[in-house]
Amino acid sequence: MTTLDATTGQAAPSGWAAGLKDRLQQLLAFASLIVIFGFFSVASSSFFTYGNVTNILFSTVVIGTLALGTTFVIITGGIDLSIGTGMALCAVMSGVFITNMGIAVPLGVLLTLLFGGLIGLVNGFNVSVLRLPPFIATLAMMLVAQGLALVISHSAPIYFTKDPGYVKISTGSIFGVNFPNAVLVLLVAVVVSVVLLNKTILGRYTYSIGSNEEATALSGINVRRWKIVIYTLAGLFIGLAGVMISARLGSAQPATGMGYELQAIAAVVIGGTSLAGGKGSVVGTVIGALIISVLNNGLQIMSIPQEWQNVVLGLVILVAVYADMIRKKEA
Amino acid sequence: MTAEVAGSEHLLEVRGVSKGFPGVRALHEMHLTLRHGEVLALVGENGAGKSTLMKLLSGIYTADAGEFWLAGRPLSVSGPKDALEQGISIIHQEFNLMPHLTVAQNIFIGREPRVAGFLSDREQNRRAAELLDRLGLPLKPRQVVGNLTVARQQMVEIAKALSYDARVLIMDEPTAALNDAEVSTLHDLIRRFRSPETGVIYISHRMDELKAISDRVTVIRDGEYVDTVDTRATSMPEVISLMVGRTLTSEARPQGVRADRETVLEVEGLCTKDLLKDVGFDLRKGEILGFAGLMGAGRTEVARALVGADKMSAGTVRLRGRQVRIHNPAEAARHRIGYLSEDRKNLGLLLEQDVASNIAISSVAERFTTFGFVDFKAMRERAKEMVRTLGIKTPSVQQTTKNLSGGNQQKVVIAKWLVKDCDILIFDEPTRGIDVGAKEEIYRLLNDLAEQGKSIVMISSELPEVLRMSHRIVVMTEGRVSGVLDSDEATQESVMHLATLRPDENLRDAAELGLVDESVLASAVPGAGDDRKDPDQ
């Protein structure tokens, strides 16, 4: 509850009355999260346990990180399809830096983040200087990244066996108790995103561009430059996700990644961010990502086959977006 | 029997038609008669009600009162398609063509010929060829419309309109984008279309054309019928004085700005690829420089080119004595030039965001940000201050901007540029969509700003507004400056003259001098000199 209150104070692009309406979708998403959570707790005794809740959070990390960066892009009215395979490419690069080149883990992680930023920079350049539609620019990047990941790794996983410290980024627990570091990383990423989106000039322009790109440009803002910045930021999150997934697996898997972008976009949309741009929040995205994890986890615990999980997820997206449209019509 | 005779005399009749929109009376007891076989010119200033009348005739709007008669029968139209089927074809200024489709496909859109239930290109092309042949148009059915010149695209529109067996053909400024040769081709086409069963309503501002093509001229003004005159028996000054006939507001007009005021902005030889040709003017400190002209004369384009929203293909801009090149609105803002678009809702405001965000958007980076962090409190304080000084009516600065009235939204945009410290403000239609009381407030605000030493460019389609507010008036026509008038020599007539002329050689010379004097004007337009004798205007 505290997290939500914190954002209600911060999601300040609109006035009080309008703000309340905006928050309704978030509240709705939050309420559905509680309902789904409650349902599984009743349905299965092994669902609401410390171990399983931690497990849910742990499994939210990768999708959550990707979804955070994408939230910025989607609020500008854009889209980023390259985050899934871009993440796989970053994971491979992390393996190249740390295992193949023997670079120390902290520096290797930093380089991986920067590599992700580079992917985003290229996307941003293509979208804002070459003026390609974001869908096309990032679709192309999705394929390029997928191919490069395989080429660079010779289609084989890269293991981090020499550097046990790397794996600890994800599965270790600095607090001693059984609470994975990955969740802490996600928390920090969430806080950074909330601050960026709500407290900085970057966030201000992110909303402005999505709200009305041409009016923003005519107001004297260098929209092109800021779009590059925003895509680059999303790229840094791709790099972070690459580190988190390879640390969790203890290896860089070049063939993974495809499909993560859609799950991340689903999380953003369930969280009430409009694909038309101008509206959205980080907390909404976090709730959206949690709904996806809770559903996957709960359905698994209830021994419902994997195939059905996607069916349910698809229906949840339909309901969430439809509810959002109804709300907008009433407003 | 008598009714039928009367009916057969008038092909189309508009009787006492009124149409209002919230806050606006677009048409009031309008009447108009189109005789069989005639070309009736319909003239009026911007906003006189011509397009409302057309939208009523095509069934896009429904009249509040009054009736339409077609060939002696009451006419009721449920929509554009129904209008076409009843024999009323309208060619709008903006074409309604699908550029990727062929000529034939465009002509028969919505009623494609079928053979055994399947579309038949062959039948369609055959019928189109027949039609084009009958009309004598140099088009081929299979040409892709997007590849045609504007003039030929217009021919496609005409062919499409006439393919419905039109009895009444209405053309809205059909020659706006055509050269002289194309205009005469169009006129030939109109003459050939004219028959005892048909008639044409021809909307245009070009007086020379009205002489050439029309039998009678109907003048409307402020949504009301003014008069109808025989074209042969009238003169251009007479038509113009009918068009602008209203009396000026009693407000004191500004004195011409003193020549010793420093010049802040000088524009020379400004051209754009599409429209502007050799536009030049200068703006002095504390001056309101009005831009008058008809729709499409290029006034907005000048503003957009100036702030870098559109590309200049040639020309120099000197700002406060220094030559500058402005590539985008961000650079213009850095040079403290603010542009207030005519399309406030789409280009001026972030409607879904609150008042404070809108006021601060241009200046947030330099004034309300430390190390990238936005100081929302300072931003809101500054916004509150602007709300107070400009008298913006809003419950709070956190109100969503779309909930404000038009006048208050305009003030929000003004506040945005004042917070940015702009000293050159370009207003494009500053009072469009704003009700009368709020207009006065905007006028007062503009005067205050000018007195404080801001330099203002005011583009407006409302002549009384331009005359009342401006120290000097730049008149544009077809992408050129046709004259610059001081406030004491500007009248509705003199501005209208300059705005309705086709720029011929004399006027082009005059434009280069930056001024059109009366002898030039008189030689370019027969009768213009007589008009000047009228002491009241």
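Along region A:157-162 the Karplus relation, 6.51 cos²θ - 1.76 cosθ + 1.60 evaluated at θ = phi - 60°, assigns HN-Hα couplings of x, 10, 9, 9, 4, 6 Hz to successive residues, with x for each Gly and Pro. Overall, region A:47-330 carries a charge dipole of about 440 debye about its Cα centre when +1 sits on the Cβ of Lys and Arg and -1 on the Cβ of Asp and Glu, all other atoms neutral.
Nearest 20 debye, what's the magnitude of the dipole of chain B about its Cα centre given +1 on Lys and Arg Cβ and -1 on Asp and Glu Cβ?
Values: 68 positive and 78 negative charges, 383 e Å.
For chain B, the charge dipole is close to 1840 debye.
What are the semi-axes of the equivalent ellipsoid for chain A, taken as the square roots of 5 times the Cα gyration tensor eigenvalues, largest first, in whole Å? For chain A, the semi-axes come out at 29, 27, 17 Å.
Based on the Kirkwood radius over alpha-carbon pairs, what is the Stokes-Einstein translational diffusion coefficient of the protein assembly as shown at 25 °C with 0.890 mPa s viscosity, in µm²/s?
Numbers: Rh = 31.3 Å.
Approximately 78 µm²/s, per Stokes-Einstein.
Percent relative contact order of region B:349-421, based on C-alpha pairs within less than 8 angstrom and at least six residues apart?
Working: 87 pairs, mean separation 33.6, N = 73.
After rounding, I find 46 percent.
A probe of 1.4 angstrom, applied to the heavy atoms of all protein chains, finds B:D208 with accessible area near 80 square angstrom.
Rounded to 0.05, the FRET efficiency of the B:S405 and B:K377 pair, given R0 = 22 Å and the Cβ-Cβ distance, is 0.20.
Label positions at A:V188 and A:Q300, each projected 7 Å from the Cα along the C-beta direction, are separated by 2.5 nm.
The calculated FRET efficiency for the pair B:I60 and B:L101, based on their C-beta separation and a Förster distance of 25 Å, comes to about 0.60.
Exceedance of the 19 Å cut-off in Cα-Cα distance is limited, within the set B:K402/B:K454; A:K227/B:K416; A:K227/B:K402; A:K227/B:K345; B:K411/B:K454; B:K311/B:K402, to B:K402/B:K454; A:K227/B:K416; A:K227/B:K402; A:K227/B:K345; B:K311/B:K402. Remark on B:V457: its backbone amide H falls under 5 Å from those of B:L289, B:L425, B:I426, B:F427, a criterion applied only to residues 5 or more positions apart or on other chains, H modelled at 1.01 Å from N. Note: region B:349-421, Cα convex hull, 73 Å³ per residue. If amide H atoms are built 1.01 Å from N in the plane of the peptide, which residues on other chains or at least 5 residues away come under 5 Å of the amide H of A:T76? Here A:G278 satisfy the definition.
Distances between every pair of Cα atoms in chain B, grouped in 10 Å steps from 0 to the bin holding the largest one, split as 3, 16, 24, 24, 19, 10, 3, 0, 0 percent.
Measuring r between the beta carbons of B:D421 and B:K273 and using R0 = 35 Å, the FRET efficiency lands at 0.60. If you take the charge dipole of region A:47-330 about its Cα centre, with +1 on Lys and Arg Cβ and -1 on Asp and Glu Cβ, which of A:F58, A:F135, A:P305 is farthest toward its positive end? Working it through, the farthest residue towards the positive pole turns out to be A:F135. Positive-end ranking of A:T206, A:G117, A:I83 along the dipole of chain A, with charges on Cβ about the Cα centre, is headed by A:T206. The slack in the chain from A:S44 to A:L275, taken as 0.36 nm per residue of separation less the alpha-carbon distance, amounts to 79.6 nm.
Here's how it looks for B:A314: its modeled amide H is under 5 Å from those of B:C271, which are all 5 or more places away or on a different chain. Rg/Rh for region B:1-126 (Cα atoms only, Rh after Kirkwood) is 1.06. Given 10 °C and 1.306 mPa s, compute D for region A:33-104 with the Stokes-Einstein relation, Rh being the Kirkwood radius over Cα pairs; round to the nearest whole µm²/s. The calculation lands on 104 µm²/s. Shown for chain A are the DSSP H helices of 30 Å or more along their axis, judged by Cα atoms, with a mean Kyte-Doolittle hydropathy of at least 0.5: A:16-43, A:50-75, A:105-128, A:223-249. Taken about its Cα centre, region B:179-320 carries a charge dipole of about 320 debye when Lys and Arg each add +1 at the Cβ and Asp and Glu each add -1 at the Cβ. Using the rule -39500 (n - 2.57) for each DSSP H run of four or more residues, divided by the residues of chain B, the 222 nm mean residue ellipticity is -10000 deg cm²/dmol.
The values are calculated or read from the model by the stated rules, or taken from the named source; none is laboratory data. Note that this is a predicted model, so its numbers are computed, not measured. Please note: Cβ atoms are built from the backbone with ideal geometry, for glycine as well, and neighbour counts cover all protein chains shown. Surface accessibility is based on the protein's heavy atoms, side chains included, excluding ligands, DNA and RNA. Shrake-Rupley method; radii C 1.70, N 1.55, O 1.52, S 1.80 Å.
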